[in-house]
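Asks: I have a structure here, written as structure tokens, and I will follow up with some questions on it.
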Amino acid sequence: MGVSKSNKQHQCYIAVPSQIINSLPSSALQTLLEEAPKKKTKTSDPSKLKLLLTNPRFWIFLLFLFAFAGILLNMWLNFDPFSQYPCSISQEKGQISAAPQLSIAAVNEKSIVNEKSSEFWKQPDGLGYRPCLDFSAEYRKVSVEILKDRNKYLMVVVSGGMNQQRNQIVDAVVIARILGAALVVPIFQVNPIWGDESEFSDIFDMDHFKKVLANDVRIVSSLPSIHVMTRPVEEKHTPLHASPQWIRSHYTRKLRRDGVLLLRGLDSRLSKDLPSDLQKLRGKVAFHALRFNPSILELGNKLTERMRSKGPYLALHLRMEKDVWVRTGCLPGLSHEYDEMINNERKHRPDLLTSRSNMTYHDRKLAGLCPLNALEVARLIKALGAPKGARIYWAGGIPLGGKEALQPLTKEFPHFYNKEDLALTGELEPFAKKASLMAAIDYIVSENSDVFMPSHGGNMGHAIQGHRAYAGHKKTITPNKRQMLPHFLNSSLSETEFNRIILDLHKDSLGQPELRKTGRDVTKYPVPECMCNTTTIHSSV
């Protein structure tokens, strides 16, 4: 072996392949160890040169010499004077040597710890509230008589998207209880927008639904044979927010006479202000009975695990689809062309506008009636402390403008995923072209998130807000659009001042317990009817 010394006294050892050493005769090795030959005279003998070239030992020695020179050259080219190990040979491109790898891992681990310990992920104080569905003795007594009845059946047809259907199923169960009737498993009307023909059992676990409500309402899969050939009486004139008294006075006689009552369009037909036991029943249906079909639940939980594999995550429900901009009377703000597209669509279909058609777009925006666009969402969550490396799951349909519409968000928060990004090949195929099933997957991953925020109100946002409250008041950000948007338009504010204002506006909108007020849905605000703490327990005794 040859030994070389650097100026810093580091020793470098050069390994010579054993094949070369073994191929050299002992005389050649001896020649290498001897002193260099003396200088030859300027004249040379052609016969001696010819003899040298024909000698195999000469070629072996020359090959060894070239190999030795190549190793030295490689060492010189890869020598790093700033390395802790100046004589080490670097690895192939793309690999990381052992010492730097440790330091990078340490930096990444520290970064992950900082991300997890960020104030943004801190959960609100739940004030000790927990699920509390204790029905009164009178309710339980009446249940015995209701479950014995075999003469009255309520049929309902539910419509809209998956979350609208959920709301109507909740009300259908309560109406069946009010009337003392058995509930036939709800019929799903084919959605005219998406053409989704999913049935109840495609989305929800029917056996679980029946089992959970077994002591409250009798659930049957179909009408008994005695009523199959009878055309049920259809009631089309149920008013908005009908009280239990109104329902009994208008439907009980018809139900006793015909045995079957058919109701359609139950959206918001039942009052939000009901007796305590019926409010608890509402909560029992929404938070316990309506569990998703096992196949949907399995995939939703898998996607949740993939999101959480590297720490906490934020779920955003983005309402940026074309039909949302049309229905809300708002503009996406992507470009003049997109704004014109929405305005023209609205002119041709004025019936799509949900309400307050006399308001201008600017008035709607400042009133907080418009969905937040991607830039506004990015500014909001950044001001609320979302770290740059936050992992974000976004739920919702394809936004108008496609990926371009999401650029302000993806630029600020690059770890941005939806179900298509997370699912393995073939996992979404059973649910393809079924909007209700895809919405159910979004619901599961969003409900399981560490932080949830909708960009606009709506059935899904409200349902998840209530579900997260019932699960222990997990952090749910409710954008204070009406008060924050003027500050979004104020370009004179520094980033520090803007962030301070936004944080202050949302200090009480992070999912803390909030008592249900008159007119509000208990499935969105489960306190106090469906949840209690030590204080409420003692005060009710």
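The values are calculated or read from the model by the stated rules, or taken from the named source; none is laboratory data. All values reported here derive from a predicted model rather than from experimental measurement. Note: ideal-geometry Cβ built from the backbone for every residue, glycine included; neighbour counts use all protein chains shown. Surface areas here come from the heavy atoms of the whole protein model, side chains and all, with no ligands, DNA or RNA. Shrake-Rupley method; radii C 1.70, N 1.55, O 1.52, S 1.80 Å.
Asks: Considering the options N490, Y361, L428, tell which one lies farthest towards the positive end of the dipole of region 292-531, charges being +1 on Lys and Arg and -1 on Asp and Glu at the Cβ, about the Cα centre.
Replies: Final value for the positive-end residue is N490.
Asks: Taking N as the number of residues in region 220-348, what value does Rg over Cα atoms divided by 2.2 N^0.38 Å take?
Replies: Working it through for region 220-348, the quotient is 1.62.
Asks: Would you mind giving the three semi-axes, in whole Å and largest first, of the ellipsoid equivalent to region 135-287 according to its Cα gyration tensor?
Replies: Details: eigenvalues 93, 67, 55 Å².
Ellipsoid semi-axes (Å, largest first): 22, 18, 17.
Asks: With 28 Å as the cut-off, how large is the P(r) tail for region 392-537, expressed as percent of Cα-Cα pairs?
Replies: Of the Cα pairs, 32 percent sit more than 28 Å apart.
Asks: Find how much the distance from R248 to L503 grows on full extension, using 0.36 nm per residue of separation minus their present alpha carbon separation; answer in nm with one decimal.
Replies: Once the chain is fully extended between R248 and L503, it gains 87.0 nm.
Asks: When the scattering of region 346-400 is computed by the Debye formula from its Cα atoms alone, each counted once and equally, what is log10 I(q)/I(0) at q = 0.19, 0.25 Å⁻¹?
Replies: -0.88, -1.13
Asks: Could you tell me what fraction of 2.2 N^0.38 Å the Cα radius of gyration of region 277-357 comes to, as a two-decimal ratio? Please list the in-between numbers first.
Replies: Working: Rg = 19.7 Å, N = 81, 2.2 N^0.38 = 11.7 Å.
Region 277-357 yields a ratio of 1.69.
Asks: Restricting the calculation to Cα positions, tell me the Rg (one decimal) and the Dmax (whole number) of region 175-224 in Å.
Replies: According to the Cα coordinates of region 175-224, Rg and Dmax are 12.6, 37 Å.
Asks: Sticking with this one: So, in Å, what gap is there between the alpha-carbon centers of region 422-445 and region 491-535?
Replies: Their Cα centres are 31 Å away from one another.
Asks: Using a 1.4 angstrom probe with every protein chain in place, what is the largest-first accessible-area order of E345, E199?
Replies: Correct descending sequence by accessible area is E199, E345.
Asks: Another question, if that's okay. Please report the net charge: other residues with Cβ closer than 11 Å to the Cβ of D171, K and R +1, D and E -1.
Replies: +3
Asks: Plugging the Kirkwood radius over Cα pairs into Stokes-Einstein for region 250-299, at a temperature of 10 °C and a viscosity of 1.306 mPa s, what D comes out in µm²/s?
Replies: 113
Asks: For region 292-531, build the convex hull from the C-alpha positions and give me its volume per residue in Å³.
Replies: Convex hull of Cα atoms, per residue: 145 Å³.
Asks: In vacuum, with every alpha carbon of region 459-541 counted as one equal point scatterer, what does the Debye formula give for log10 I(q)/I(0) at q = 0.15, 0.16, 0.23 Å⁻¹? Two decimals, please.
Replies: Scattering profile of region 459-541, log10 relative to I(0): -0.66, -0.72, -1.07.
Asks: Using only Cα atoms, figure out Rg for region 418-473 and give it as a multiple of 2.2 N^0.38 Å.
Replies: For region 418-473, the normalised Cα radius of gyration is 1.24.
Asks: A further question on this structure: Using the Cα centre as the reference, give the magnitude of the dipole from point charges on the C-beta atoms of region 148-223 (Lys, Arg: +1; Asp, Glu: -1; all else neutral), rounded to the nearest 20 debye.
Replies: For region 148-223, the charge dipole is close to 500 debye.
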